[in-house]
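Notes follow the structure.
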Amino acid sequence: MSLQIIVGTQWGDEGKGRIVDWFASTSDVVARYNGGDNAGHSVTVGPKLFKLHLVPSGIIHPKPVAVLGNGMVINPKSLLDELDMLKNAGIDIGPQRLRISHAAHLITSGHQSLDKAQETARGKGNIGTTGRGIGPAYTDKATRRGLRVADMISPDFVENLGNHIDETNEQLSTLGAPLVNPLTVLNEFRLYREVMLPYIADTSLELYNAMNMGQRILAEGAQGTLLDIDHGTYPFVTSSSTVATGVFTGLGIGITAAQDAEVTGVCKAFQTRVGSGPFPTEVFDDLALRLRGTGANPWDEYGTTTGRARRVGWLDGVLLRYAVRINGLTELVITKLDILSGFEKLNLCVGYRQGDKTFSDLHFGPSNLEDYTPIYEEFPGWAEDLGAIRKWEDLPKAAKGYLDAIAKLAGVPVRMASVGPEREQMVENK
Ligand code: IMP
C-alpha cells in the first residue's frame, strides 16, 4: 500500500499532527493537501512542543520529504516564521526536504484584512474564522484572479501583486475597513520570493514519480470533515476540501491511487469545535471545564492558532458515522482517551431525535443539526490514569468497552488510541 490518508472526523483539532508524526517515520513523503495557516498541528517530542501551521508534521522526522500541495493557500510570512522555528530546532528544511507546489495559492496581508473586515460585517452571524485570510484567498482562486506560488517567478509578479492590492483595497473601502499599503506588501514579497524560489516544484509530478517508485505517501489533512466546504456544517465551514477525496485534487494525484489506500480517521474521544455553528452534543459549565481544561496545559482545549477556548461536548456517533461514509474510512485512531479518566459515566451520542422520529444516519448532511436532539447511550467511566499504558490489554475494562462501542457504531476498527501528549503515549490495538 503506497497511500495513507490522515483525515479529521470532527471539526478539526482531533490531534492529526501527532498521528501524522506517528506514521511519518515509515513514510517517504508527507504531503498536505488543503487549507493554510488556519491549521495548528501540535507534536510533542521529549521536552519540545512543535506547533506547525503549514509545514506537514512529518518534517520532524529525518527521512520524509514534506510537500505543500496545490490545494493549499500559503501565507509566506507564516511559512518563513515556521522555517526559522524548525531551523532553530535543528531540523533540516533544505529544498531537498521541503517542496512547495507551483500551483498553490498565496495569501497576502490584503486577504487577512479582508477576512477580518468581512467577519465584522457579518456581525452576530459571523463564522468565527481564524482571521488568516483563508476564505478571501480561496475566493480569489475560485474567481480566477488569485496569485499562485509560480507567479512569483514571473516578471509580471510585481504588477500582478499591485493589482491584487488595488482590488483588495476597493473591497476594504466598501466595508469601511483600513486599507493595505501596497508598498509594504510589495517589499515584503521581495523577501518572500527570494526565500521561497528554491522550494517551488511541480509536486504533482514528483508525487507521481515517487508513487511509481513504490514510495509510501502520507497525505495530511487539515481541519476536519465537518468543516469541509461541501460536506461540512455549511456555512460554518472553512473554504477548502478537508475530506479524503480532497487529496486527489489537492495534491494532483490520480484517483487510481485510491485503490489500495488506507484512510485513517482521527477522532477525539469527545467532541470539540472552535468558532460558530451547530453542535448537538455540546456541554457547558463544570462538565465543559472538565473536558476543556483550564488552559494551564498545552493540550487543554484552546486553539493552537487563535488561542480561543474550544466548545466541548460528548462524542457524536451520528457525525462519526457520517465521517466514515464521506471519507471511506478504513480505520479510526481515537485521541485524548486519557482526558476521560475520572468521569464516573460517559455519554456517547448514538442517534438523533427530531419530533417523534429517531435516526442514526444523517439525511441532507450536517447543515441543519440544530433541529436534532442527541440520543445518548451511557457507559461506565474509569478512574485510572492511562498515561503509562502501552498495551491494549492493559487498558481498563471500561475504556476498552467505550472504544469497542465507538468501533461498533462507526463500523470500522479502532487501530490505536492516544493516552497522553507525548509521541510514545499511544496504545495499538494489535
Ligand atoms: P477559516 O478556515 O479561518 O475561514 O475559519 C472557518 C471555520 O473553520 C471557523 O469556525 C474556524 O474556527 C474553523 N477552523 C479553521 N481552521 C481550523 C482548525 O485547524 N481547527 C479547528 N477549526 C478550524
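The values are calculated or read from the model by the stated rules, or taken from the named source; none is laboratory data. On a predicted model such as this, the values are computed, not experimentally measured, just so you know. Reconstructed Cβ throughout: ideal geometry from the backbone, glycine too, with neighbour counts over all protein chains shown. With ligands, DNA and RNA removed, areas are computed over all heavy atoms of the protein, side chains included. Shrake-Rupley method; radii C 1.70, N 1.55, O 1.52, S 1.80 Å.
Odds and ends about this structure:
- Restricting the range 27-43 to residues that are at pLDDT 95 or above and not small (Gly, Ala, Ser), the residue that is farthest from Gln271 (Cα to Cα): Asp28
- Selection from the range 256-277 of residues that are away from the ligand (no atom under 11 Å from the Cβ) and modelled with pLDDT under 95: Thr256, Ala257, Ala258, Gln259, Asp260
- Among residues that are closer than 24 Å to Leu369 by Cβ, under 20 Å from the mean Cα position of the chain (by Cα) and among the small types (Gly, Ala, Ser), Gly328 is included.
- Considering the range 132-153, the residues that are in contact (Cβ under 8 Å) with a residue 60 or more places away in the chain and over 19 Å from the mean Cα position of the chain (by Cα) include one that is least open to solvent (accessible area, probe 1.4 Å), namely Val149.
- For the range 297-337, the set of residues classified as open to solvent by 40 Å² or more (accessible area, probe 1.4 Å) and within 16 Å of the ligand (Cβ to nearest atom) consists of Pro298, Trp299, Tyr302, Thr306, Gly307, Arg308, Ala309, Arg311, listed by residue number.
- Criterion: away from the ligand (no atom under 16 Å from the Cβ), at pLDDT 95 or above and either closer than 18 Å to Glu262 by Cα or in contact with a helix residue (DSSP H, G or I) (Cβ under 7 Å, 6 or more places away or on another chain) (or both) - qualifying residue of Val7, Val67: Val67
Quick grid of which residues meet (1) surrounded by 24 or more Cβ atoms within 10 Å (Cβ to Cβ); (2) more than 19 Å from Leu362 (Cβ to Cβ); (3) assigned by TED's automatic domain parsing to the domain that holds Ile60:
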{"position": "Ala219", "(1), (2), (3)": "yes, yes, yes"}
{"position": "Ala222", "(1), (2), (3)": "yes, yes, yes"}
{"position": "Leu227", "(1), (2), (3)": "yes, no, yes"}
{"position": "Tyr234", "(1), (2), (3)": "no, no, yes"}
{"position": "Ser240", "(1), (2), (3)": "yes, yes, yes"}
{"position": "Val243", "(1), (2), (3)": "yes, no, yes"}
{"position": "Gly246", "(1), (2), (3)": "yes, yes, yes"}
{"position": "Ile255", "(1), (2), (3)": "no, yes, yes"}
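- Among residues of the range 46-81, those that are closer than 17 Å to Gln96 by Cβ and outside any helix (DSSP H, G or I), counted: 10
- Yes/no for Thr168 being at pLDDT 95 or above and either of a type in the set (A, V, I, L, M, F, W, C) or within 11 Å of the ligand (Cβ to nearest atom) (or both): no
- Members of the range 338-376 found to be open to solvent by 90 Å² or more (accessible area, probe 1.4 Å) and farther than 27 Å from Asp230 by Cβ, listed by number: Glu344, Lys345, Asp356
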